[in-house]
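What follows is a set of notes on a single structure, which appears directly below.
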Amino acid sequence: EQRRAADIIRLLMLYRALLDAFVIDFFTDGLWAQLPPAWQPALASATPMQLAGLLGGRGGPGATWPLSLLAFAAAARALAFPRGCPGGSPHPPCQSSHLHPLLRRHIKPKKQHEIQRLGKLLQRLSQATGCKHVVDIGAGQGHLSRFLAFGLGLSVTAVESDGRLVGLAEHFDQELLRELGKTKGLGHKRHPLCPLTPQAPQHVAGRLDPADPWGEFLLPPTPPGPGPAARNPLGGPRGSEDGEQVLVTGLHACGDLSPALLCHFARSPAVAAMALVGCCYMKLSTAPQPPGCPLGYPLSTSVAALPGHQLSYRAREAACHALEEYEGRLRGDSPHLRAHCYRAVLESLIRTTDPAKRHLGLQPGRKAHTLSFPQYAHLGLSLAGLDPARVPLDSGAVGAMLEQQHKVVAFCTLGQLLAPAVETLILLDRLLYLREQGFHCALVPLFNPRFSPRNLVLVASRTPLAAVLARLDKDSEDGDS
């Protein structure tokens, strides 16, 4: 693991300029000319299908690729953690037959897939550790907590910083309890796969304080709501001071929330095990942290000691990209691909008109790829506070840029190649942080990456995990995925 981290850092240092580049600067900063000269002719003539083969490592190039480009792609793929499901269904997930119909309400199919898979893993951890109490941090509307409590019969405390979401989660709980009462009164049969238990989660509004001990780990929600201040949900008769251990989970815990959970696990004997899926790596803190409670990136002393381990905001943002989705767009020559070129041309027009306006975070719409460029530019220039009538959109310069769409797409593909390696480095850092302190841990590709790009779950325990992971593999073989 330490060697892999060091190798990833060496690769990223070689291609730092490529990794840190913003595609919207393709024309303003002359990004194409910064590529190795030997790569440029091959990439300029590559079809979207050939780029997809380079990205996914499946299917040979249609023309002779430079060996240095092939070595770059092979190294990036080899150093990244396997994401699982390479032959998984290309179709979007549908309503999950593994969830009780009442638990599917208000939940999109993607989320159903995630909570069912993570819930099963937590059930295995519960059986292995003897812990029946789960603390779900960043619980949102309580969908995972509801499945754990009603569907799997676990005692659940759901912690969420947004008081409005806490209220909505409690409303959904009560709605489900009413429906269960009706079903019982009518004598309806229970769902054969997951009969429900009329046991709602306990919801708590509060923010995690990484600096405090586990017994005092909650801060008031933001903004503070009416009623009493947030308290430790593990206090009182069922609290950790009475010796009860708990499981902790976070489904797509954003930014520094993931490192904070790891820090609490490492310092808190009350936490027997945890299952964590991170998200939003660009929001991680990167400034030096005080000893004893590191946050952000890096966490481990192993990675922090490696020269060049630093990751820019752009690199951490790239690590959140949906690699499989982009490969699918390349293979289908999707019209979505033109949006990259549109945005790069728009950035050039904005900077030419007003050099002070740069990287404004404009979003002319999710369906921008369906528009003609003049339509797209009118929307974008207006959002930038510029008058579209004063900007020539039919000039030869604009046409010449639009004709380079294939180059923009090729450049994006190179960045996508590096994205999984960056995510792997961040996750390796977390894994090494736990290993340095003697814990058992593993990274498991739990979700189908085609629909859940952040699909690697970090499982950590104070006892060996072999039995839990073996049972999870059996679940997958039995079609549970």
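Assess whether residue 383 counts as being open to solvent by 20 Å² or more (accessible area, probe 1.4 Å) and under 21 Å from residue 316 (Cα atoms). When the stated conditions are applied, residue 383 does not pass them. A Cβ distance below 7 Å, combined with a sequence gap of six or more or placement on separate chains, defines the contacts here; from the stretch 376-405, residues that are under 22 Å from residue 363 (Cβ atoms) and in contact (Cβ under 8 Å) with a residue 40 or more places away in the chain reach residues that are among the charged types (D, E, K, R) and open to solvent by 30 Å² or more (accessible area, probe 1.4 Å) in the pairs 405/338. Restricting attention to the stretch 389-417, the residues being buried (at least 16 other Cβ atoms within 10 Å of the Cβ) and farther than 30 Å from residue 56 by Cβ number 3.
Annotation: residue 329 fulfils all but one of (1) touching a helix residue (DSSP H, G or I) at 6+ places or on another chain (Cβ under 6 Å); (2) open to solvent by 30 Å² or more (accessible area, probe 1.4 Å); (3) more than 30 Å from residue 378 (Cβ to Cβ); the unmet one is (3). Those helices (runs of 4 or more DSSP H) of the stretch 10-105 in which at least 1 residues are at pLDDT below 95, farther than 30 Å from residue 356 by Cα and open to solvent by less than 70 Å² (accessible area, probe 1.4 Å), considering only elements entirely within it, cover 39-44, 48-56, 67-79. Looking at the structure I just gave you, is residue 157 surrounded by 17 or more Cβ atoms within 10 Å (Cβ to Cβ), of a type in the set (Ser, Thr, Tyr) and touching a Pro at 6+ places or on another chain (Cβ under 6 Å)? Answer is yes for this residue.
Picking from residues in the stretch 385-427 that are assigned to a loop (DSSP other than H, G, I, E, B) and modelled with pLDDT of 95 or more, the one that is nearest to residue 304 (Cα to Cα) is 404. All of 200, 260, 272 fail the test of being among the hydrophobic types (A, V, I, L, M, F, W, C) and either assigned to a loop (DSSP other than H, G, I, E, B) or at pLDDT below 60 (or both), apart from 200. Does residue 166 meet the test of being open to solvent by less than 10 Å² (accessible area, probe 1.4 Å) and closer than 22 Å to residue 260 by Cβ? In short, no.
The values are calculated or read from the model by the stated rules, or taken from the named source; none is laboratory data. A quick note: this is a predicted structure, and the numbers were derived from the prediction, not measured. Glycine gets a Cβ as well: all are built from the backbone with ideal geometry, and neighbour counts include every protein chain shown. Just the protein is used for accessible areas: all its heavy atoms, side chains included, with ligands, DNA and RNA removed. Shrake-Rupley method; radii C 1.70, N 1.55, O 1.52, S 1.80 Å.
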